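I have placed the structure first, in the form of structure tokens, so that the comments after it can refer back to it.
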Amino acid sequence: MKFLYCGCLLLILIPSNVYADSCNIEVKVGDNMNFVPTALEVSATACKTVTINLTHTGTFPRNAMGHNWVLSTTENAQATAQDGWSAGLENQYLKSGDPRVIASTKIIGGGEGDSVSFNLSDLKVGGDYTFFCSFVGHFAMMQGKFTIIE
Ligand SMILES: [Cu+2]
């Protein structure tokens, strides 16, 4: 009797900073100011609705190193974040009812998580969108492209 041994290793290469074709996206933040992954791509054909599951893997509380995940057009992103700074932590550092906000989670601290779902049909394929954190001072570091493909 012969045993066939296959030492083949199947490697599937996926760019580590982009999740394609996923409607349910895990985003990690921590005790420093960055999002993992740093850019997101979703397919409008595959996803009617996108859910962002934001997890804070760090230990600092939300008032010290809190983060949220906010989506707006790239054009509105910086002003939306900066206008949110004065709204305070109790308002998730976003102006109440800000129409520029397409979707947003709560501000979370270490060990916490929050999710947000939104409709892709309201957005444009190929449109210019940016996700960011609206915690005071985080915008410059914590922003990434949100790309919608066919
Ligand atoms: Cu942040």
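The values are calculated or read from the model by the stated rules, or taken from the named source; none is laboratory data. Here the structure is a predicted model, which means the values were calculated and not measured. A quick note on method: Cβ atoms are made from the backbone with ideal geometry, for glycine too, and the neighbour counts reach across all protein chains shown. Just the protein is used for accessible areas: all its heavy atoms, side chains included, with ligands, DNA and RNA removed. Shrake-Rupley method; radii C 1.70, N 1.55, O 1.52, S 1.80 Å.
Quick one: would you say Thr45 is within 14 Å of the ligand (Cβ to nearest atom), in contact (Cβ under 8 Å) with a residue 12 or more places away in the chain and within 18 Å of Ser22 (Cα to Cα)?
Details: within 14 Å of the ligand (Cβ to nearest atom): no; in contact (Cβ under 8 Å) with a residue 12 or more places away in the chain: yes; within 18 Å of Ser22 (Cα to Cα): yes.
The answer is no for Thr45.
Residues in region 23-34 that are over 16 Å from Ala103 (Cα atoms) and either in a loop (DSSP other than H, G, I, E, B) or in contact (Cβ under 8 Å) with a residue 60 or more places away in the chain (or both): Val29, Gly30, Asp31, Asn32, Met33, Asn34.
Scanning region 52-96 for residues that are more than 11 Å from the ligand (Cβ to nearest atom), open to solvent by less than 40 Å² (accessible area, probe 1.4 Å) and in a helix (DSSP H, G or I) gives Ala77, Thr80, Gly84, Leu89. How many residues, within region 98-137, are in a strand (DSSP E or B), within 23 Å of Asn34 (Cα to Cα) and among the polar types (S, T, N, Q)? The qualifying residues number 4. The number of residues in region 139-150 that are away from the ligand (no atom under 15 Å from the Cβ) and buried (at least 18 other Cβ atoms within 10 Å of the Cβ) comes to 2.
The number of residues in region 113-138 that are open to solvent by 20 Å² or more (accessible area, probe 1.4 Å) and over 23 Å from Thr49 (Cα atoms) comes to 2. Taken together, the criteria place Ile107 among residues that are at pLDDT 95 or above and within 11 Å of the ligand (Cβ to nearest atom).
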